[in-house]
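**Student:** Before anything else, here's the structure in question.
Any read-out appearing in this document is the output of simple, stated calculations on the displayed coordinates, not a laboratory observation. On a predicted model such as this, the values are computed, not experimentally measured, just so you know. Cβ placement follows ideal geometry from the backbone for every residue including glycine, while neighbour counts extend to all protein chains displayed.
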Amino acid sequence: MSNILEVVGLRCSIAGQQVVEDVTFEVPATGITAVLGRNGVGKTSTLRGILGLIQRSGRVTLAGERIDGLPTHRIVQRGVGYVPEDREVFAKLSVAENLALAERQKNPRREFVANLFPDLVQRRDQQAGTLSGGQQQMVSVARALLNDNQILLVDEPTKGLAPKIVAEVTDALLEASKLVPILLVEQNLEVVRRLATGAIVIGGGRVIHTGPALSILDDPDLTRRLLGVHAESEATT
Ligand SMILES: Nc1ncnc2c1ncn2[C@@H]1O[C@H](COP(=O)(O)OP(=O)(O)OP(=O)(O)O)[C@@H](O)[C@H]1O
Ligand SMILES: [Mg+2]
């Protein structure tokens, strides 16, 4: 199977301090690939490094073309969608305005997004800052889905959400993954189990394991060793 994204020897630093040492992995062109690892190992920094949001070196290839020398806006134009850890909706703007601002192309997928998130259609005039955490997450995912991206980088979409909302966001990501491959940072291992085909585990600034997601989740010893948690119980911070 071909890869949509290849990362070789990625190093990232923030304010002069190295936060990702030497990360190498591949993301297949279909389905959801999970990025796992304990708190603070550099999962978010890896995504931000791919996007050029923090200082980075190494080789990043999107659909066969190097993107590691490009500024962030060019990387986004090439079709890398980002759903950041803290959602980053425009609090003062309405849901509709948040979505309109995200549209980059002539024919955005408005209908697909409306079908996926009927709640957002109903709340289109509500100020995004007054939405619940789960609803804000849906706005954030919806923004990335409006455009015809080559890959989505999604950072902890279920963090801090109630179980019912976790299930809704999970369903939406599964639906979205039929359109676009997703690189997903996720600590909730039940969500990983439902969504991910492959998994990449980061530890100490490097990739310490790659393989089918279930080969990790179904092996309690491996899960404990790699992630420091039990596969049966939800990973918490
Ligand atoms: N703005 C910053 N300034 C200094 N250090 C930072 C900054 N942001 C992150 N770091 C450090 O970089 C390292 C990697 O952080 P990162 O957020 O990438 O980890 P993470 O795996 O996403 O963690 P989490 O699971 O808690 O989301 C951590 O040691 C963190 O303290
Ligand atoms: Mg993080």
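**Student:** Which of the aspartates and glutamates could a cross-linker span from Lys106 if the Cα-Cα distance has to be under 14 Å and same-chain partners fewer than 8 positions apart are dropped?
**Tutor:** Lys106 reaches Asp148.
**Student:** A follow-up question, please. What length, rounded to one decimal in nm, is gained on full extension from Arg110 through to Thr197, with 0.36 nm per residue of separation minus their alpha-carbon distance? Numbers along the way, then the final one.
**Tutor:** Working: separation 87, 0.36 × 87 = 31.32 nm, distance 2.76 nm.
In short, 28.6 nm is gained.
**Student:** Hey, another quick one. Given a Förster distance of 30 angstrom, what is the FRET efficiency for Thr61 paired with Phe90, based on the Cβ-Cβ distance and rounded to 0.05?
**Tutor:** 0.40
**Student:** What does the helix-only formula give at 222 nm for the chain: each DSSP H stretch with n ≥ 4 adding -39500 (n - 2.57), the total divided by the residues, and the result rounded to the nearest 500 deg cm²/dmol?
**Tutor:** Here the helix-only value at 222 nm equals -9500 deg cm²/dmol.
**Student:** Additional query: Quick one: grab the alpha carbon gyration tensor of the chain, order the square roots of its eigenvalues as a ≥ b ≥ c, and give me rounded if a/c is under 1.5, else prolate or oblate depending on whether a/b is larger than b/c.
**Tutor:** Taking the square roots of the gyration eigenvalues as a ≥ b ≥ c, the chain is oblate.
**Student:** Working out 0.36 nm times the residue gap between Arg78 and Asp218, then minus their Cα-Cα distance, what length gain in nm do you get to one decimal?
**Tutor:** Contour length minus Cα-Cα distance gives 46.8 nm.
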